[in-house]
Every structure is written in structure tokens, then in C-alpha cells.
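The structure under discussion appears below in the form of C-alpha cells.
What follows draws every value from the coordinates through simple rules; no lab data is involved. Just so it is clear, the model here is predicted, and its values are computed rather than measured. FYI the Cβ positions are ideal-geometry reconstructions off the backbone, even for glycines, and counts take in every protein chain you see.
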Amino acid sequence: MKDQVPFPRLIDAKSNETVIFSWIVFASREHRDAVNKKVINDPRLRKMMEEGAMPFDLERMAYGGFRSIVEA
């Protein structure tokens, strides 16, 4: 577990902050790429992509990729 940080320590949330946890499941890498392309080109999100307009602190964002190891 070297280089891994527990989630509560990673986010260092203050009492007046709200933590949002979400995930997306894609059917395949191709599906992921198609969805990402649509998101990047969505005019409703343009303002959020402008410098200084991000609604959260990018330096405190955590993300990762996962591979299923068990299927039911």
C-alpha cells in the first residue's frame, strides 16, 4: 500500500465543506472516449472550462481507473 492515502486524509475536508463522491461506468474504452469527446464539446460546460471558473479545487480532486476482477 505504499503511496496510498486514506480518503479522509486525502481530502482534508473542513466542517463547512461538502465532499462529493461519484463514479462513471463505461461499457468499454471506446465508449469512454466517445463520452469524453461529447463532454468536452458540450456548450453547456464551456464556462466551467474557462480559467478560474472551476467550481471546486482541482488540487484536492482525486480520480483513478479501475478494472473489474470479479463479475457476478
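Side notes on the structure shown:
- About its Cα centre, the dipole of the chain is roughly 160 debye, where the only charges are +1 on Lys and Arg Cβ and -1 on Asp and Glu Cβ.
- Between LYS47 and ASP33, the simple label model (points 7 Å from Cα in the Cβ direction) yields a spacing of 3.3 nm.
- Residues in segment 28-45 carry Karplus couplings, in order, of 6, 5, 5, 4, 4, 4, 5, 5, 4, 5, 5, 5, 4, 8, 6, x, 5, 9 Hz; the curve used is 6.51 cos²θ - 1.76 cosθ + 1.60 with θ = phi - 60°, and Gly or Pro positions show x.
- Distance between modelled label sites at ILE20 and ILE40, nm, 7 Å Cα→Cβ extension: 2.1 nm
- 11 Å cut-off, amide nitrogen to a point 7 angstrom out along ALA62 Cα→Cβ, residues in segment 6-28: 6-13
- Taking the fewest neighbouring Cβ atoms within 10 Å as the starting point, the ordered list for GLU30, GLU17 is GLU30, GLU17.
- Charge-dipole axis of segment 7-60 as Lys and Arg at +1 and Asp and Glu at -1 on Cβ define it, positive-most pick from VAL39, PHE21, ALA53: VAL39
- Net charge of neighbours whose Cβ lies under 14 Å from the Cβ of MET61, counting Lys and Arg as +1 and Asp and Glu as -1: -3
- Shape category assigned to the chain from the gyration tensor of Cα positions, a/c cut at 1.5: oblate
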